[in-house]
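Visitor: Handing you a structure now.
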Number of protein chains: 2
Amino acid sequence: MREEYEKVYSEIFPFWKKITEEDKNYICDNSTAISYMKGSTVHDGNGCSGVIFLKKGCLRLYIMSDEGKEITLYRLHNGEMCMLSASCVIGAITFDVFVDAEEESECYIIPGPVYSYIAENNTDIKIFTLETAVSRFSDVMWAIQQMFFMSVDKRLAVFLLDEAARTGSDTISLTQDQIAKYMGSAREVVSRMLKYFSSEGLVEVSRKGVKIIDKTALRRLTV
Amino acid sequence: MREEYEKVYSEIFPFWKKITEEDKNYICDNSTAISYMKGSTVHDGNGCSGVIFLKKGCLRLYIMSDEGKEITLYRLHNGEMCMLSASCVIGAITFDVFVDAEEESECYIIPGPVYSYIAENNTDIKIFTLETAVSRFSDVMWAIQQMFFMSVDKRLAVFLLDEAARTGSDTISLTQDQIAKYMGSAREVVSRMLKYFSSEGLVEVSRKGVKIIDKTALRRLTV
């Protein structure tokens, strides 16, 4: 694994070339590779799971209320990093996120204290870490604006088109419950809107999921 | 004004002592002091208004939809700084915020390009800037959670009113730790919510405990 970690870290960490061999070893020796089944929990909002590098798969970051309501903040895809799961690394982050594997996912994890130890005396690492967090701030703001400001038809159209693009298939194999959860909406609302879309010939709803029929019309809704 | 700027900047910028006299002069010579009337717009979401230091008053940061719907992200009080109004300073911030003066406010403004120029070759400034932005990320997440989940404020209001009724006193002589424990919540959550209640004039928080100021408004929160 050593070479594998080294290879990946040298690609994703802009500071990799500037740290000592000793620091590199410390990071690699303490890294773990974990595979998550689709649907499993990667980080449950408590403590500091460490800095997660997603080699392959899809992770969903979300916040959750006491009653179990969820808001999806953003998704991570192949080659992306999760800093918010390592709240101990960034002192200024005081909120808890949850992370689920939306697909079978392979991750490399650097424990928070290990990462912090190396970052402590290295301003390049500090800057990289903060910049990664701040760029997610922008993603989250976007999600919030979607959720608050966009009408449901627009949001649903955007969601269906995004999913189709992401999976490379015009059939979105998700239940209405799942779609509602990912959109931060209620199942009844999504169900009603899908019925409307279907009556307008935009989609076809079946047990298999939602099939996009008229992509052009759906796109018109998103502008 | 020169001495005035210098005095304030040396207090708020942890990097002030480490930059050259030339850089200090460059920042001070390009700073402007602006007073805003209550209700006026400080930053309208477009472009880069610069780094704003709020000497006195209250600024509200919010996002706005095309239809004019608003979400308050957080408020700035005496002595605090606004980095989000200077999107040109932090490349990773790609969303627009609006800033209004909620009270008559005195501000010192450093133009974005001036601040960026000094920050460019100074990692201390970069780290300070990013850390300021990330800590606001936490504030924003808190506001979002309040707005979506709406349970903690309700629970805290219920708790305070119950305690007042039980003890026959409008002052709840408990630590924030104790309140959190009784509510089954986290101290940070309670502390933040009390700060919010206090800013809204519902309670007064002191070493003695929490004093209820506006019982009617607090009751409204519980329904």
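Rule-based calculations on the coordinates, nothing more; no lab input. Keep in mind that this is a model prediction, so the values were computed, not measured. Please note: Cβ atoms are built from the backbone with ideal geometry, for glycine as well, and neighbour counts cover all protein chains shown.
Visitor: Nearest 500 deg cm²/dmol is fine: what mean residue ellipticity at 222 nm does chain B get from its DSSP H runs of n ≥ 4 alone, each adding -39,500 (n - 2.57), divided by its residue count? Don't jump to the answer; show the numbers that get you there.
Guide: Values: 8 runs with 100 residues, N = 223.
It lands at -14000 deg cm²/dmol.
Visitor: Could you go through segment A:50-56 in sequence order and give the Karplus-derived ³J(HN,Hα) for each residue, using 6.51 cos²θ - 1.76 cosθ + 1.60 with θ = phi - 60°, rounded to whole Hz, and x for Gly and Pro?
Guide: With coefficients 6.51, -1.76 and 1.60, one gets x, 7, 9, 9, 8, 6, 7 Hz.
Visitor: Here's a follow-up. What's log10 of I(q)/I(0) for segment B:91-223 at q = 0.10, 0.14, 0.18, 0.23 Å⁻¹, Debye sum over Cα points only, no solvent?
Guide: The calculated log intensity ratios at q = 0.10, 0.14, 0.18, 0.23 Å⁻¹ are -0.48, -0.78, -1.02, -1.41.
Visitor: Run through the other copies and list how far each one's label point is from that of A:T171, in nm with one decimal, shortest first; the point sits 7 Å from Cα along Cα-Cβ.
Guide: Label-point separations across copies, in nm and ascending: 7.0.
Visitor: Going toward the positive end of the dipole of chain A, with +1 on Lys and Arg Cβ and -1 on Asp and Glu Cβ, which of A:F13, A:M37, A:I144 do you reach last?
Guide: A:I144
Visitor: From the C-alpha gyration tensor of segment A:63-104, pull out the three semi-axes of the equivalent ellipsoid (sqrt of 5λ each), sorted largest to smallest, in whole Å. Mind showing how you got there, number by number?
Guide: Working: eigenvalues 65, 61, 10 Å².
Ellipsoid half-lengths, sorted descending, are 18, 18, 7 Å.
Visitor: Under a Cβ-Cβ cut-off of 15 Å, what is the net charge of the residues other than A:E200 that fall near it, where Lys and Arg count +1 and Asp and Glu count -1? Please list the in-between numbers first.
Guide: On the way: positive: A:K154, A:R192, A:K195, A:K211, A:K215, A:R219, A:R220; negative: A:D153, A:E204, A:D214.
The answer is +4.
Visitor: Place the label 7 angstrom along Cα→C-beta at A:T41 and in each other copy, then list the distances from the first to the rest in nm, shortest first.
Guide: For A:T41, the other copies' label points sit at 4.6 nm, shortest first.
Visitor: Divide the volume of the convex hull of the Cα atoms of the protein assembly as shown by its number of residues and quote the answer in cubic angstrom per residue. Please list the in-between numbers first.
Guide: Working: hull volume 77.3 nm³, N = 446.
Per-residue hull volume (Cα only) is 173 Å³.
Visitor: Net charge near B:E104: determine it from the other residues with C-beta under 15 Å of the C-beta of B:E104, scoring Lys and Arg +1 and Asp and Glu -1. Present the calculation step by step, with values, prior to reporting the outcome.
Guide: Working: positive: B:K38, B:K55, B:K56, B:R60, B:R75; negative: B:D100, B:E102, B:E103, B:E106.
With Lys, Arg at +1 and Asp, Glu at -1, the neighbours total +1.
Visitor: Using θ = phi - 60° and the Karplus form 6.51 cos²θ - 1.76 cosθ + 1.60, what ³J(HN,Hα) does each residue of segment B:211-221 get, whole Hz, x for Gly and Pro?
Guide: Result, ordered by residue: 9, 6, 9, 10, 5, 5, 5, 5, 5, 4, 5 Hz.
Visitor: How large is ³J(HN,Hα) for each residue in segment A:195-209, as worked out from phi by the Karplus curve 6.51 cos²θ - 1.76 cosθ + 1.60 (θ = phi - 60°), to whole Hz, x for Gly and Pro?
Guide: Here the 3J(HN,Hα) series is 4, 5, 4, 5, 5, 8, x, 7, 9, 10, 9, 9, 5, 6, x Hz.
Visitor: Using 0.36 nm per residue, how much length does the chain from A:S169 to A:K55 gain when fully extended, once their Cα-Cα distance is taken away? Mind dumping the intermediate values first?
Guide: Working: separation 114, 0.36 × 114 = 41.04 nm, distance 2.24 nm.
Fully extending the segment from A:S169 to A:K55 adds 38.8 nm.
Visitor: Above 21 angstrom, tally the Cα pairs of segment A:2-147 and express them as a % of all pairs, no decimals. Walk me through the intermediate numbers first.
Guide: Working: 4364 of 10585 pairs.
Percentage above 21 Å: 41.
Visitor: To one decimal in nm, how far is A:G79 from the same spot in the other copies, if labels go 7 Å from Cα toward Cβ? Please give the shortest first.
Guide: Between copies, matching label points for A:G79 lie 4.7 nm apart.
Visitor: Okay, moving on. Across segment A:2-147, how many lysine pairs, 8 or more apart or on two chains, come within less than 18 Å at their alpha-carbon atoms?
Guide: Count of close lysine pairs: 10.
Visitor: Fewest Cβ neighbours within 10 Å first, please rank A:R60, A:R219, B:R166 accordingly.
Guide: On the way: A:R60 19, A:R219 12, B:R166 9.
Taking fewest neighbouring Cβ atoms as first place, the list is B:R166, A:R219, A:R60.
Visitor: Quick one: Debye curve from the alpha-carbon atoms of segment A:89-149 only, equal weights, vacuum; give me log10 I(q)/I(0) at q = 0.16, 0.19, 0.20, 0.29 Å⁻¹ to two decimals.
Guide: Log10 of I(q)/I(0), two decimals: -0.73, -0.96, -1.02, -1.24.
Visitor: While we're looking at this one, here's another question. Taking 7 Å along the Cα-to-C-beta vector as the label spot, tell me the B:S199-A:D29 distance in nanometres, rounded to one decimal.
Guide: Label at B:S199, label at A:D29, 4.6 nm between them.
Visitor: Please work out the Cα center distance from segment A:1-58 to segment A:67-96, rounded to the nearest Å.
Guide: About 15 Å separates the Cα centre of segment A:1-58 from the one of segment A:67-96.
Visitor: With a point put 7 Å past each Cα toward its Cβ, work out how far B:T41 is from B:S191 in nm, to one decimal.
Guide: According to this spin-label approximation, the distance is 3.7 nm.
Visitor: Could you list which residues have their amide H under 5 Å from that of B:K55, counting only those 5 or more apart in sequence or on another chain, with H placed in the peptide plane?
Guide: B:G79, B:E106, B:C107, B:Y108
Visitor: Can you check how the C-alpha radius of gyration of segment B:150-221 compares to 2.2 N^0.38 Å, as a plain ratio?
Guide: On the way: Rg = 10.6 Å, N = 72, 2.2 N^0.38 = 11.2 Å.
Rounded to two decimals, the normalised Rg is 0.95.
Visitor: Just rank A:M83, A:M147, B:M1, fewest to most, by other beta-carbon atoms within 10 angstrom.
Guide: Numbers: A:M83 23, A:M147 18, B:M1 11.
Arranged by neighbour count, lowest to highest, A:M83, A:M147, B:M1 become B:M1, A:M147, A:M83.
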